[in-house]
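A quick write-up on the structure given underneath.
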Amino acid sequence: MIRRREFITLLGGAAVGWPLVARAQQAAPPTIGLLDPRSPGTVEDLLRAFRQGLKETGYVEGENVTIVYRFAEGQFDRLPELAVELVRRRVSMIAATAIAAASAAKAATETMPIVSILAEDPVRRGLVSSLARPGGNLTGINFLTLELVAKRLEILRELVPALIRLAVLVNPGNAASTETMLGGLEPAASAMGLQIQVLNASTGSEIHAAFATFVRERPDALFVNLDPFFTSRRVQLATLATRHAIPMTSGNRQITEAGGLMSYGASTTDAWRQAGVYSGLVLKGAKPADLPFVQASKFELVINAETARMLGLTVPPSLLALADEVIE
């Protein structure tokens, strides 16, 4: 039998222990599940931008927030299972960094908050009901790259005045993005009197095969669709384009920095930073339904002048004046 004094002592010890347990539970940091179709080594600068956005809202990875990374390594068909895995882990929210990742996350959960980074209109893709009031569990950043296809073609024509035959490289594994891009490219090319040839590549060997076709058919330039896979293969693309003297344009400055001729599009780095800010707001209690989609407002024209010289092209002064960066 426990004496009254012993019972009071035990009870007092338990009372001290309860707050400690509660504080330990409260101290567990929130967890972000980051879902990306690429390989981790290809997005290091973008991840730094995402962490910077988190820091702006008071979150530092490893201190008061944990990030669980899931990379599909270029295999888009793995994204649904990776999204389900994050949901089962009961992360606090999902950061989906491409349209395919956002679609997979949205299919995996209707309640867990999702912050996405998209290159096209989320309303048209059926992910949200409106940009101003998304209305569900998903919001994010739309950096409008696919809407800038016509402008990119105009700039390419200025850089390559003899442009008539345009090769277009797309990833068949990212069919929805390809369909949307071609829907904007084909009428713009037709209006400019351009002939286009679409080639598919979803592996490194298929990129080599596409360039073998370019060597045989000699297009005047190459238009690379904005796609996480092509960003991850930017060194291979730039090396082959330089070797075979093919002017190459894209919507991603990383490809131009690797040796492509030019790029025009929204700043992906800034989009990832903004996604970090939105993720921080969600962790603080904001609901995606009430956070309007951020429309990109920072656009970049990057021209690789060294590549232009190698191709025997002269960059017009008008474009040099417009360029946000000229790589010498």
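Might you check whether a residue that is under 19 Å from the mean Cα position of the chain (by Cα) and closer than 21 Å to Val170 by Cβ occurs anywhere in the range 266-276? Yes. Within the range 222-256, the residues that satisfy the criterion of being assigned to a strand (DSSP E or B) and hydroxyl-bearing (Ser, Thr, Tyr) are Thr249, Ser250. Residues that are assigned to a helix (DSSP H, G or I), of a type in the set (Ser, Thr, Tyr) and more than 28 Å from Gly53 (Cα to Cα) occur at least once in the range 200-213.
Can you confirm whether the range 242-252 contains a residue that is more than 22 Å from the chain's Cα centre (by Cα), assigned by TED's automatic domain parsing to the domain that holds Asn137 and touching a residue at least 40 places away in the same chain (Cβ under 8 Å)? Among the residues of the range 242-252, not one is more than 22 Å from the chain's Cα centre (by Cα), assigned by TED's automatic domain parsing to the domain that holds Asn137 and touching a residue at least 40 places away in the same chain (Cβ under 8 Å), which makes the answer no. Put simply, of Ala175, Ala167 the only residue that is assigned by TED's automatic domain parsing to the domain that holds Ala323, touching a Pro at 6+ places or on another chain (Cβ under 6 Å) and under 24 Å from Arg233 (Cβ atoms) is Ala167.
Does Ala275 meet the test of being assigned by TED's automatic domain parsing to the domain that holds Val115 and in contact with a strand residue (DSSP E or B) (Cβ under 6 Å, 6 or more places away or on another chain)? Judged against the criteria, Ala275 is a match. Taking the residues in the range 262-321 that are among the basic types (Lys, Arg) and within 28 Å of Pro247 (Cα to Cα) as candidates, determine which candidate is modelled with the lowest pLDDT. In this case the residue turns out to be Lys298. Here is the figure for the range 63-97: residues that are under 17 Å from Pro40 (Cβ atoms) and acidic (Asp, Glu) total 2. Residues that are in contact with a helix residue (DSSP H, G or I) (Cβ under 7 Å, 6 or more places away or on another chain) and assigned to a loop (DSSP other than H, G, I, E, B) were ranked within the range 108-122; the one that is surrounded by the fewest Cβ atoms within 10 Å (Cβ to Cβ) is Thr109.
Do you know which of the residues in the range 215-239 that are of a type outside the set (Ser, Thr, Tyr) and either surrounded by fewer than 20 Cβ atoms within 10 Å (Cβ to Cβ) or not assigned by TED's automatic domain parsing to the domain that holds Gly251 (or both) is modelled with the lowest pLDDT? Looking at the filtered set, the residue picked out is Val215.
Looking at Thr249, is it hydroxyl-bearing (Ser, Thr, Tyr), in contact with a Leu (Cβ under 6 Å, 6 or more places away or on another chain) and over 16 Å from Glu120 (Cβ atoms)? When the stated conditions are applied, Thr249 passes them. Taken over the range 38-85, the criterion of being part of a strand (DSSP E or B) and among the basic types (Lys, Arg) is satisfied by Arg70 alone.
The values are calculated or read from the model by the stated rules, or taken from the named source; none is laboratory data. Because the structure is predicted, anything quoted here is derived from the model rather than measured. Every residue, glycine among them, receives a Cβ derived from its backbone with ideal geometry; neighbour counts consider all protein chains shown.
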